[in-house]
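The values are calculated or read from the model by the stated rules, or taken from the named source; none is laboratory data. Because the structure is predicted, anything quoted here is derived from the model rather than measured. Cβ placement follows ideal geometry from the backbone for every residue including glycine, while neighbour counts extend to all protein chains displayed.
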Amino acid sequence: METLEINQHPTLIIHAQTKQDLQKELSSWKRLDLIKWLEWNDRNGVYDDESSLREFNNILNKRDAIEIICRQILE
């Protein structure tokens with residue numbers, strides 16, 4: 001998958017999927033694309049590496065990013 005531009009997130013596509021399909025789709029994304037989607041979807045969240053290191057002393061890994069996106073979409 002190509003790197004997504006911040007305004008090109010396939011939100012409607014991922015919103016229409018089952019949890020299993022959503023996880024499979026998101027697993028094909030690059031970690032930075034997951035972070036861009038999270039930042040786009042939740043402007044008040046702390047997702048980028050610099051902010052995460054400052055706030056939580058660690059960075060958001062791909063697995064956790066997928067979990068957060070699934071929760072935000074499905075709940």
Segment 23-64 - residue that is part of a helix (DSSP H, G or I) and of a type in the set (K, R) and, of those, farthest from E75 (Cα to Cα): R54
Residue that is modelled with the lowest pLDDT [pool: residues in segment 12-22 that are outside any loop (DSSP other than H, G, I, E, B) and surrounded by 15 or more Cβ atoms within 10 Å (Cβ to Cβ)]: I14
Name the pairs whose Cβ atoms lie under 7 Å apart, with the first residue in segment 46-75 and over 15 Å from K36 (Cα atoms) and basic (K, R), the second surrounded by 13 or more Cβ atoms within 10 Å (Cβ to Cβ) and modelled with pLDDT under 95, and 6 or more positions between them or separate chains? none
Looking at (1) modelled with pLDDT of 95 or more; (2) outside any helix (DSSP H, G or I); (3) more than 11 Å from the chain's Cα centre (by Cα); (4) not acidic (D, E), which one does N7 not meet, given that it meets all the others? (1)
